[in-house]
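The values are calculated or read from the model by the stated rules, or taken from the named source; none is laboratory data. Small disclaimer: the values here were computed from a predicted structure and weren't measured. Cβ coordinates were reconstructed from backbone atoms using ideal geometry, including for glycine residues, and neighbour counts include every protein chain displayed.
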């Protein structure tokens, strides 16, 4: 073959190599967006551990603050996982383990070191009971994730939890600590000492632990619909609470526990009303309109 005939072929090969798109190696693994919820869960777990550390040092406001921070993080990681479509069974199990430490073990140890240890070994019993109730409540929640272990819920039950959730239970259990810190800042030492009494703290721990393992229907606030007439009062109430939280954070946190417990009867009433309405529709379904000529 002559030299001019070979030159176009070699030129074509060089041009082909020059303009051929470069292939980059693909890295296997999860995207960072899918890891964000698990990172938040780990931060919540660390917040619970730091709360225990501050309780050991006797720094009660800091210990309570980090448990509240863990509660805020717990409210964000699940919603962020659903928003980013990053839900997984691993994330659910990790979240439950973090919740057990932050909202079961940490509050129980904080209250034991703050108040219950003054009556000796017997003071550890209510704290132990609270932690056990928290673990049972979380175990029941995990079991409900498996379709085969529980019958599907009716439509009206999806907006309700079974029992008080662990973060809300931790907040209610810490009510004596929140209130005692607030009374101490106001100079009401007598009220602070009375609310720190081990008998009162034990009653709170046992009552809240019972609410967590109960079958009481409680609002989940996931798809909660507010009537139009209640929108303005709700916004004003939230604004007032935020102002109270900034001015008197410990009083606001103590009030949050009272408000939540006060909402439980209304939650039960709402659940029973929706259940009765659904059963009435099953027994007497609406008739289809007759075909007009």
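Exactly one of (1) crowded, with 19+ Cβ neighbours inside 10 Å; (2) within 25 Å of residue 249 (Cβ to Cβ); (3) modelled with pLDDT under 95 is unmet by residue 58. Its number?
In the conditions (1) crowded, with 19+ Cβ neighbours inside 10 Å; (2) within 25 Å of residue 249 (Cβ to Cβ); (3) modelled with pLDDT under 95, residue 58 misses (1) alone.
Filter segment 89-100 for residues that are surrounded by fewer than 20 Cβ atoms within 10 Å (Cβ to Cβ) and under 16 Å from the mean Cα position of the chain (by Cα) and give the result.
91, 92, 93, 94, 96, 97
Exactly one of (1) closer than 30 Å to residue 143 by Cβ; (2) outside any loop (DSSP other than H, G, I, E, B); (3) without any contact (Cβ under 8 Å) to a residue 60 or more places away in the chain is unmet by residue 260. Its number?
Unmet for residue 260, out of (1) closer than 30 Å to residue 143 by Cβ; (2) outside any loop (DSSP other than H, G, I, E, B); (3) without any contact (Cβ under 8 Å) to a residue 60 or more places away in the chain: (3).
Is it true that residue 77 is modelled with pLDDT under 95, under 30 Å from residue 118 (Cβ atoms) and either within 22 Å of the chain's Cα centre (by Cα) or surrounded by 12 or more Cβ atoms within 10 Å (Cβ to Cβ) (or both)?
no
Given the structure, is residue 253 within 27 Å of residue 163 (Cα to Cα), part of a helix (DSSP H, G or I), modelled with pLDDT of 90 or more and touching a strand residue (DSSP E or B) at 6+ places or on another chain (Cβ under 7 Å)?
Criteria not met by residue 253.
Can you go through 86, 144 and tell me which one is outside any helix (DSSP H, G or I) and either in contact (Cβ under 8 Å) with a residue 12 or more places away in the chain or over 14 Å from the mean Cα position of the chain (by Cα) (or both)?
86
For residue 72, all conditions in the list (1) in contact with a helix residue (DSSP H, G or I) (Cβ under 6 Å, 6 or more places away or on another chain); (2) within 20 Å of residue 212 (Cα to Cα); (3) free of Cβ contacts under 8 Å to residues at least 40 places away in the same chain hold save one; what is the number of the exception?
Status for residue 72: all satisfied but (1).
So, in segment 200-237, how many residues would count as being loosely packed, with under 10 Cβ neighbours inside 10 Å and part of a helix (DSSP H, G or I)?
3
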